[in-house]
Amino acid sequence: CAPTQVRPPSAEQTAATARTQVDYDGRFAIKYNDQNGTERNAYGNFTWHQQGDTINIELKSPLGQTLAIIESAPSSATLQLPNKPPQFAAKVDDLMRDALGFSLPVSGLRYWLEPAPAPDSKATIETDPHNGRIKQLEQDGWTVDYYEYTPENNVKRMNLSHENPPLAIRLVLDR
Amino acid sequence: GGIDDLKAFVAQVHSAKGDFVQRQVNAPKAPASGVQGFRPSGTQSGNFVFARPGKFIWAYTKPYDQLLQADGENFYVYDKDLNQVTHRKLGNVLGASPAAILFGSNDIEKSFDLRDVGVKDGIDWLEMTPKSKDTQFQQVGIGFKDGMLAAMELHDVFGNVTLLTFTNVVKNPSLPAGTFKFTPPKGADVIDG
């Protein structure tokens, strides 16, 4: 099926998305290159809590201990690590990259998890003709592949990949 | 009290197996903006088997399959949905974690201060505070019932409290050779994490 060009959603749609409270639980695996170019991997459980324009992501060990809390608000970002003072920055990407060695595309993810394209930039979308579900989405240098949906059309399994800097993320959503 | 039970457990129980249920009873409040905290994640359950020192299988089976396994030297985490095995040297993965209490070598008082805190709902509890300040754990509680491991409470530095309850625990079961040998499932990516 031919990828279709998508007009960014209307203002109302974006406002509606911003007001909602969204929670996800899941697991992630990330392959990235650290500052001196060595390939690294991170794996763990995560909790995503979104309220209005503020997104909180908690990275956790399987036994439930918090490894990091990342907060991304419209004009500020905070990151907390165990036994360390909180770190602040304007943008969450820089904060995460400095502290964790990798950064998640948080602003894009909030929409890609719906699933939907982010409103403020062009996206190329491929939908499955049989059920209308998004199969693949390309936006902001990311390729997002949706592998599995729940019967209620929620995203279950998705991969995200970025060329430069190289970054590959696998996500599974439990809730 | 709890401390005597723990010492007896550590001294007499060289291996054990059983089932566990894991519940998060307290989620941390989110930082800066005071946004209402994280919703506690749901309940997980599974089974475990361990043999001291440093050999264990901790398998989550519900609501998803996630396997943590150590063969005494290597530590593996297999995630079925992500079809991936993360491998690391065991080294100090256990460190001052609760796993060290159950599965590690038994010089617990080297890394923890112990305190009896009495009986609650028929379970005799003790509190363990890590001596080193740089661990994820603020405190670990262990509960025994009639001398048998019954529960653990993991308090992390962010205020998370994870409650583990154990059932069907069998002490020193006969374990076939190779019980802890890990073979990556066919087709899974094996990654050095």
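The values are calculated or read from the model by the stated rules, or taken from the named source; none is laboratory data. Bear in mind that the values here come from a model prediction, so they are computed numbers and not experimental data. Positions of Cβ are generated from backbone atoms using ideal geometry, with glycine treated the same way; all protein chains shown enter the neighbour counts. All accessible areas refer to the heavy atoms of the entire protein, side chains included, with ligands and DNA or RNA removed. Shrake-Rupley method; radii C 1.70, N 1.55, O 1.52, S 1.80 Å.
In segment B:165-193, the qualifying residues are those that are among the hydrophobic types (A, V, I, L, M, F, W, C) and touching a His at 6+ places or on another chain (Cβ under 9 Å), and the one that is nearest to the other protein chains (Cβ to nearest Cβ) is B:191. Restricting segment B:21-38 to residues that are at pLDDT below 70 and open to solvent by 30 Å² or more (accessible area, probe 1.4 Å), the residue that is nearest to residue B:69 (Cα to Cα) is B:29.
Hey, can you tell me all the residues within segment A:61-83 that are under 30 Å from residue B:60 (Cα atoms) and either more than 8 Å from every other protein chain (Cβ to nearest Cβ) or polar (S, T, N, Q) (or both)? Residues satisfying the conditions are A:61, A:65, A:66, A:68, A:70, A:79, A:80, A:81, A:83.
Out of the strands (runs of 3 or more DSSP E) lying entirely within segment B:119-193, which hold 1 or more residues that are open to solvent by 20 Å² or more (accessible area, probe 1.4 Å) and hydrophobic (A, V, I, L, M, F, W, C)?
Where strands (runs of 3 or more DSSP E) fall fully within segment B:119-193 and carry at least 1 residues being open to solvent by 20 Å² or more (accessible area, probe 1.4 Å) and hydrophobic (A, V, I, L, M, F, W, C), they are B:123-130, B:148-156, B:161-171, B:189-192.
Scanning segment A:121-142 for residues that are of a type outside the set (S, T, N, Q), within 20 Å of residue A:110 (Cβ to Cβ) and open to solvent by less than 50 Å² (accessible area, probe 1.4 Å) turns up A:123, A:125, A:134, A:137, A:142. Of all residues in segment A:1-43, those being touching a Gly at 6+ places or on another chain (Cβ under 8 Å), modelled with pLDDT under 65 and open to solvent by 60 Å² or more (accessible area, probe 1.4 Å) number 1.
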